[in-house]
1. Using each residue's phi in segment 269-277, evaluate 6.51 cos²θ - 1.76 cosθ + 1.60 at θ = phi - 60° and report the 3J(HN,Hα) Karplus result to the nearest Hz, with x for Gly and Pro.
2. Loop only by DSSP, 12 or fewer other Cβ within 10 Å of the Cβ. Give me the GluC sites (Glu not before Pro) in segment 186-282 that pass, ordered by residue number.
3. Given +1 on the Cβ of Lys and Arg, -1 on the Cβ of Asp and Glu, and no further charges, what dipole in debye does segment 180-263 carry about its Cα centre, rounded to the nearest 20?
4. Place a +1 charge on the Cβ of each Lys and Arg in segment 269-344 and a -1 charge on the Cβ of each Asp and Glu, then give the dipole magnitude about the Cα centre in debye, rounded to the nearest 20.
5. In Å and on Cα atoms, what radius of gyration and Dmax does the chain show?
6. Is segment 191-344 rounded, prolate or oblate when judged by the Cα gyration tensor, a ≥ b ≥ c being the square roots of its eigenvalues, rounded requiring a/c under 1.5 and prolate requiring a/b larger than b/c?
7. Over segment 201-344, average the accessible area per residue using a 1.4 Å probe and give it in Å², no decimals.
8. Among ASN217, GLY231, THR337, whose Cα projects farthest towards the positive end of the dipole of the chain, with charges put on the beta-carbon of Lys, Arg (+1) and Asp, Glu (-1)?
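The values are calculated or read from the model by the stated rules, or taken from the named source; none is laboratory data. This structure is a prediction, so every number in the text was calculated from the model and none was measured. Cβ sites come from the backbone with ideal geometry, for glycine too, and all protein chains shown count toward neighbours. All accessible areas refer to the heavy atoms of the entire protein, side chains included, with ligands and DNA or RNA removed. Shrake-Rupley method; radii C 1.70, N 1.55, O 1.52, S 1.80 Å.
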Amino acid sequence: MSTQGTFRIRDLTAEKGQKTKGFLQLGETVTGPIQLPIVIINGDRDGPVLCLTAGVHATEYPSIDALMRLTRELTPQGLRGTLIAVPVINMHMFASRQGFVSPIDGLNLNKIAPGSKSGSISEIFADVLLNEVITKAEYHVDMHAGDLGEILYAFGGYPITGDADRDRRGEALARLYTPRLIALYREESKLPPAAGSIVLEATRRGVVSILAESGGNGTLEEADVEVHLAGVRNIMRYLKMIDGDPQIHGKQLIATERYVTRATRAGLLRLKVAIGEAVTGGQEAAEICDIWGETVECVRFARPGITGLIWSHKAVNTGDPIVRCWIAEPAPRFPETDRFIGTG
């Protein structure tokens, strides 16, 4: 897929060598329209079409900020091909500072894809995103972070399709995005793809689509933004959309499965580990004390792993999740991107 002349999404058009921004109207509330912001940068030279989306969960700020910066930075004169960018998909969630679910219909947009033209507003969002925006591209990166209450370790993920050429390119994008950890999702495996996710449904439509995660817990840290910026620039260099070579700094890990460590008692949680830490089986994860300050449980990890998600709540009940760990191993050789290791 390459750009030729005018690029169009509904009434938004960008001629060759032009940057266009505007809104698609998807519906309305009693207070006004429900809109999807779109930026189209149509390069002055031919190349692939890449779609970048952020704000599926609109309190995941590092991904949103990174995409805002990229669309301000890029010009048609420095671009081969076309970039489609949606900096904040869920504008009502963004305005209300609400995590996970839409304040309009209470649905999680990343769990109800492919959506429906005749459904509630989140289902309409999913349908429009997939069928009118993302499928205009050959490549897609869905930029995320941990949501409110979630401290996250950065990673890149891709759902394996069984199409050898598409899977080679998808794994390449995931490896080029992530600073260290890669997750390849397979049906009926210990790392199944997330049902109802935008990325999974995009791959089912023939798009090379990856999940890009950095940051979390309602924060906007520069280091988390930089992970997104470096990852997307790597991908654009690999696709020859911008000048330069991708850079992979050091050895990477590939996830094989993950598991959750939970509380069995209630009380105040005193966490004993940090995000991204390598842990061992039997190592203390947290201490729980009751209302009198007495320790009632010492929570331990059942297996070795890497702390990939820490729930930030400090008051816990029986069964509450505390830490989710990745189980990972050194990533096998992958000629498509190994040539970029240590180039910068």
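1. Couplings: 9, 10, 6, 10, 9, 10, 5, x, 7 Hz.
2. GLU187, GLU188
3. Charge dipole, segment 180-263, about its Cα centre: 320 debye, nearest 20.
4. Dipole size: approximately 220 debye.
5. Values for the chain (Cα only, Rg and Dmax): 20.6, 70 Å.
6. Prolate.
7. 47
8. Selected residue: THR337.
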